[in-house]
1. Among (1) under 20 Å from the mean Cα position of the chain (by Cα); (2) aliphatic (A, V, I, L, M); (3) within 22 Å of L151 (Cβ to Cβ); (4) modelled with pLDDT of 95 or more, which single condition is I118 missing?
2. Residues being under 10 Å from H276 (Cβ atoms) and aliphatic (A, V, I, L, M): count how many of those fall in the range 356-388.
3. If I go through the range 1-34 residue by residue, how many of them are in contact (Cβ under 8 Å) with a residue 60 or more places away in the chain and touching a helix residue (DSSP H, G or I) at 6+ places or on another chain (Cβ under 7 Å)?
4. (1) assigned to a loop (DSSP other than H, G, I, E, B); (2) over 22 Å from D143 (Cα atoms); (3) out of contact with any Pro (no Cβ under 7 Å at 6 or more places or on another chain): which one isn't true of S109, the others all being true?
5. For the range 1-106, give me every one of the strands (runs of 3 or more DSSP E) that falls completely inside it and has 3 or more residues that are outside the structural domain of A332 (by TED's automatic domain parsing), surrounded by 23 or more Cβ atoms within 10 Å (Cβ to Cβ) and not polar (S, T, N, Q).
6. For V407, all conditions in the list (1) part of a strand (DSSP E or B); (2) over 24 Å from S203 (Cα atoms); (3) in contact with a helix residue (DSSP H, G or I) (Cβ under 9 Å, 6 or more places away or on another chain); (4) modelled with pLDDT of 95 or more hold save one; what is the number of the exception?
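The values are calculated or read from the model by the stated rules, or taken from the named source; none is laboratory data. What you see is a predicted model, and the numbers here were worked out from it, not measured in a lab. Cβ coordinates were reconstructed from backbone atoms using ideal geometry, including for glycine residues, and neighbour counts include every protein chain displayed.
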Amino acid sequence: MERLTSPPSSSRPYSLPAFGGELWTIPTSNSVMRLLVTGKETSNAFAVVSTGGTNDKPIGFHFHREAHDVFLCLKGTMNVWADDKARTLREGDFASVPPNTVHQYQITSPHTEFAGLIIPGGWEEFFRFVGEPYSGPLFPTNDKRNPFEVLIPKLMAATETFDMVPVRDKAHFEPQPWDPATDSKLPGTYARGGYFLQADTGSRFVVGGTSPLLFPQSPRHLLLPLLPSLPPQQTRHHSIENRAQSPAANQHSPPTGTVVRPLATRRETASRFSIHDLLSSSLHAASPAASPPRLSFATTHHAILVVSGSLEIELTLPPSAPAAAASGSTTASTAAAGETVFVPAGTPFKIAAATRFARAYVFANGGGLGEVLCRVGREYEAPGVPDESVGWDEGGLKGLEGELGFVVAV
């Protein structure tokens, strides 16, 4: 797999180093936008952008007619407003902002890092339009230029070109306290106003048996989301209460070693994307006979952002990939904390924890890998990852291929 410094502008597997990407700064903002995945890699399915910056003013209320924004705080603190709600986000906190939701954000610590998924891809062109290329080490801290000279004219022009509508008459208000009644679980619906999800809250599920798909060396439990992305008439058959009736669930009853927690499922995103928090350990080593196959998703792209430890990513390269020695060649690469891996649709892949503990966020258009794991999982309440691991069942996995849009690679 290619190791690049910025996205390649074509749909092929690649990885980026920590704090890498295509770097842009918005004049006078004291922050940098790192384009990790753009619409050119995903056929405008989505884009992934990380932002680093220091204390600053709110960026100003606005909304998008089509674009869906998310804010996932990775370090420091930030405020996010969405219609009549606002919260102060810390590490692991999450906000989902659907189209037509009036929103803004503010960086509120000396060093804040957050990641965002932009649906659809292509809107990241806004940053290229109003921004300036950045070549410094982290982010600018001393841009004292007059914004009315270097920024406002660009923003005014951008409103005519991009899906961004300023809301200048909305009154400022202070962030409210987190509400355990609403901010510790997914809403299960898609609606204007979006939602906030506090770090390490919400449903978690353990996946019996099939977790090694994700982490082939970790055969045993996966915490999974209530991720039913099916039509209403079908979802009732796969709820937590009815999971015992699912043949796949029965075949995967033993816990494995990987924990999965959904931040957004197709229910909350009108089936446009999903985001999952994955935790696992290299100590959950399977026997060679238990090593699972790679999975290939026909229409779903995956972006994997490692935040702790390291992951090993094994994938089958397309013939056009520069690193492919021959058609269908397989490669394995290690991605450490802060690094990003992009796996385009149609690429068979699997990932494994390469360190004692590893954590990553997985972004996908549609359900993707997270949805597969959800369907074979069961509710799990313990924090962290389990101490032990067991095997997994390939038969139940293959039974989901047609329904969930993937194939088990040969």
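1. For I118, the exception is condition (4).
2. 5
3. Taking the range 1-34 as the starting set, the residues that turn out to be in contact (Cβ under 8 Å) with a residue 60 or more places away in the chain are 1-3, 7, 11-21, 23-33.
When the remaining residues are screened for being touching a helix residue (DSSP H, G or I) at 6+ places or on another chain (Cβ under 7 Å), the result is 7, 11, 24, 26-28, 33.
Qualifying residue count, the range 1-34: 7.
4. Only one criterion is unmet by S109, namely (2).
5. Working: elements: 14-16, 22-25, 31-37, 47-53, 69-75, 78-82, 85-89, 94-97.
Output list reads 31-37, 47-53, 69-75, 78-82, 94-97.
6. Failing condition for V407: (4).
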